[in-house]
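Take a look at the structure below.
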């Protein structure tokens, strides 16, 4: 906007101040000028009035002189000189110069003429007694003229005072008018616009950018108001745009949060899904709510067959003909077209080249699917495929673990009961041969004793194996399992003191490692419990560098020279368990007696860290 100084607020204020100041200056100068002229008015009146007295003094002086009375105060000449001096005094003549009217000048001229032409000559020639009356009449007329002159000077002084009064009154009136006009101008062009701008500024400060300042004119406040309006409108537009953007981002964020929450729930459910449980109804129901697509179909298949064994729907409807007959080839081999995604879309449940089914989304032809919906369908299909793959992998791992455990059980049965039974079979064969001979009762009794001991040992081995096979951790720590095993042995006899030193609560053993370690420790403690004939059994689990060490020591009689007798088949079980973990077991006599079993191996978590470092 072009700036016009003549219509500016500054110009108005300057003009008002100039007018008021000019009026005050004019009033003061006029008053000073008139009062300066009027400062001799009183003196002029006094001087003019003294002329009357001097006239009578001169008459009295002449009369006293004619009467022979001497007057020493002054001579007639000095009185005449004094009269002329006062008549021509500056106080009277200056007022004549400053006087506006000619009457004062005429009266002064008449008095002066009368004095010079008649009165002064009369006093200079002297006055006789016969002429007293005529002189008195002359002086009376002359004094009357002087009175008129005094009155004229008095009126001149009154006119000056009246002029000052008039100037002051007019100046006051004009000042009041100009003040009122200034207040009007200030109220209209300053106070009201400023009030409007202040109110608008307060509303803007409170966040109301729709406020508009209506200020008319061409001054600075108008420019400021229009600038503020433009700024407010610009901010309002920016705020509206940002609010719309925030709403859009908020909507997108809610959609993202809902999508992430759905994916999290799906992941959590798949992680806790038991094998054989394919209840995905909550997932596709919530998926339909999040995406706004009502018609969803989820077909789940086995990797070896393309015919679904489970169909899940979000809308009750009649199945298409190809779905009713199990023709899923078109859905499995379908490839979605690039955006815009319209119509029916198929998302295969494929993981590592293995097909687990398909997710069918039946959209509307006139409503293209948004990109976030497409990405969510793809992510969820991939997540379900991952869950099904993990479920299949878990089942495979269970099968492998079951087969491995069966192999271990078979070996342990072979190393314990099978060999014990073979030994008993040999003893039975010896007994049969001895019974065919005579005088071998002592040998028969010896074989019978060995058979009895072998049966007892085999029965004990059977019970220990059954206890071992029933062994499970139930989610407890390995240390708790060690303590439970010790309590079971303590419950059988109070002759032994068990001491457990477990220092590996921070080590994350695998389930297989925990089972093998527990069974090695249990077998070692049982051997010490039944065969050591000692009083103390110490169990220690510690770490030496990358190795985990399991030690079971007793203070008994020590291991025999031939540990492969019937009562020591458990040692073979220990060897088999140690080989399963890739470890090394040593069985030896202690320096102070007793037997020491030391098992060392590298745990799985340490091996994985070593591979990463390499």
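Coordinate-derived values only; no laboratory data. Please read all numbers here as calculations on a predicted model, not as lab measurements. Glycine also receives a Cβ, built like all others from the backbone with ideal geometry; neighbour counts cover every protein chain displayed.
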Review point. In nm, to one decimal, how far is the residue 56 label point from the residue 257 one, both placed 7 Å along Cα→Cβ?
Key: 11.8
Point to revise | Highest-first arrangement of 422-432, 279-289, 594-604, where packing means the average Cβ count within 10 Å | key: 594-604, 279-289, 422-432
Revision key, fill the gap. For residue 604, placing the label point 7 angstrom along Cα-to-beta-carbon and taking segment 500-542, residues whose amide nitrogen sits under 20 Å are 504-521, 542
Practice item. Starting from the Cα-Cα distance between residue 316 and residue 433, subtract it from 0.36 nm times their residue separation and give me the gain in nm to one decimal. Key: 33.9 nm
**Study point:** Model label zone, residue 24; criterion: amide N under 13 Å from point 7 Å along Cα-to-beta-carbon; scope segment 163-178
**Key:** 172, 175-176
**Study point:** Stretchable slack from residue 201 to residue 378, in nm (0.36 nm times residue separation minus alpha-carbon distance)
**Key:** 58.4 nm
Point to revise | Packing-based ranking, highest mean first, of 235-248, 18-31 given that Cβ atoms within 10 Å are counted | key: 18-31, 235-248
**Study point:** Inter-label distance, nm, simple model (7 Å from Cα along the C-beta direction), residue 249/residue 390
**Key:** 3.3
Point to revise | Between segment 346-377 and segment 150-229, the alpha-carbon center distance in angstrom | key: 78
Revision key, fill the gap. Quick note, segment 473-614: a/c under 1.5 would make it rounded; otherwise a/b > b/c is prolate and the rest oblate (a ≥ b ≥ c, C-alpha gyration tensor); here it is prolate
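Cβ neighbours within 10 Å, averaged per peptide: list 498-511, 219-232 in order, most packed at the top.
219-232, 498-511
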Review point. Once the piece of chain linking residue 242 and residue 370 is laid out straight, how much longer is it, given 0.36 nm per residue of separation minus the C-alpha distance between them?
Key: 43.8 nm
